[in-house]
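The values are calculated or read from the model by the stated rules, or taken from the named source; none is laboratory data. Given the structure is predicted, the values throughout are model-derived calculations rather than measurements. Here the Cβ positions follow ideal geometry from the backbone for every residue, glycine too, while neighbour counts run over all protein chains shown. Remember, those area values only see protein heavy atoms, side chains included, never the ligands or the DNA or RNA. Shrake-Rupley method; radii C 1.70, N 1.55, O 1.52, S 1.80 Å.
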Amino acid sequence: MAPASRLLALWALAAVALPGSGEEGDGGWRPGGPGAVAEEERCTVERRADLTYAEFVQQYAFVRPVILQGLTDNSRFRALCSRERLLASFGDRVVRLSTANTYSYQKVDLPFQEYVEQLLHPQDPTSLGNDTLYFFGDNNFTEWASLFRHYSPPPFGLLGTAPAYSFGIAGAGSGVPFHWHGPGYSEVIYGRKVLYFPDRWWHATLNLDTSVFISTFLG
């Protein structure tokens with residue numbers, strides 16, 4: 001395996017509208033609106049729609065990232081993640097926000113509805129990561145269990161690991177600078193892509209639009 005210092009990858013989390021419009025198509029999160037970040041024309045991460053588990057282990061699991069398409073059907077989970085339904089079900093629940101710098105030093109607790117209605121807006125591109133608060137991880141799995149039980153994680157696991165979910169919602173232009181951690185997947189709920197990242201693969205994240213996403217860490 002190549003040295004970690006050489007394993008650099010940057011991916012963008014973009015909410016791609018499904019067929020339809022309004023609540024059915026974009027979940028009410030309105031991707032592509034003011035503040036949306038322009039997407040680069042070329043992505044160098046390979047995309048696979050027909051990958052077998054054997055191919056996954058041999059070609060990607062310990063070597064390089066891959067975008068997996070059509071791997072699971074999370075249409076039910078996606079519908080439950082619409083803006084209207086999440087606010088109705090969890091609006092009064094307290095969520096923990098983290099700063100967007102590499103180690104998420106600062107934590108702020110506030111009601112989910114307050115976060116969505118007051119803080120979930122496009123990020124100023126000149127602001128620093130430690131000035132940006134967004135909802136990612138630090139999920140209370142007891143309070144959010146009614147939602148997470150409808151999620152179907154990617155079926156490709158690694159021997160000796162167990163999945164752990166990290167759910168998030170973030171505004172356009174937000175993200176996390178270069179960092180690394182263990183292997184796992186990052187799925188855009190209103191997109192069509194699932195990204196797998198190997199262990200200690202250096203990467204950064206950038207939300208091109210207001211994005212709803214979930215990561216499955218294999219630890």
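Before moving on, here are some points about what is shown:
- Some residue of the range 94-101 being open to solvent by 40 Å² or more (accessible area, probe 1.4 Å), modelled with pLDDT of 95 or more, out of contact with any Ser or Thr (no Cβ under 9 Å at 6 or more places or on another chain) and not basic (Lys, Arg): no
- Sole residue being open to solvent by 30 Å² or more (accessible area, probe 1.4 Å) and in contact with a strand residue (DSSP E or B) (Cβ under 6 Å, 6 or more places away or on another chain), chosen from 131, 124, 138: 138
- In this structure, residue 161 qualifies as open to solvent by 10 Å² or more (accessible area, probe 1.4 Å), of a type in the set (Val, Ile, Thr) and modelled with pLDDT of 90 or more.
- Some residue of the range 197-219 being open to solvent by 10 Å² or more (accessible area, probe 1.4 Å), hydrophobic (A, V, I, L, M, F, W, C) and within 20 Å of residue 76 (Cα to Cα): no
- Selection count, the range 166-186, where residues are touching a Pro at 6+ places or on another chain (Cβ under 6 Å), under 23 Å from residue 96 (Cβ atoms) and either open to solvent by 50 Å² or more (accessible area, probe 1.4 Å) or part of a loop (DSSP other than H, G, I, E, B) (or both): 3
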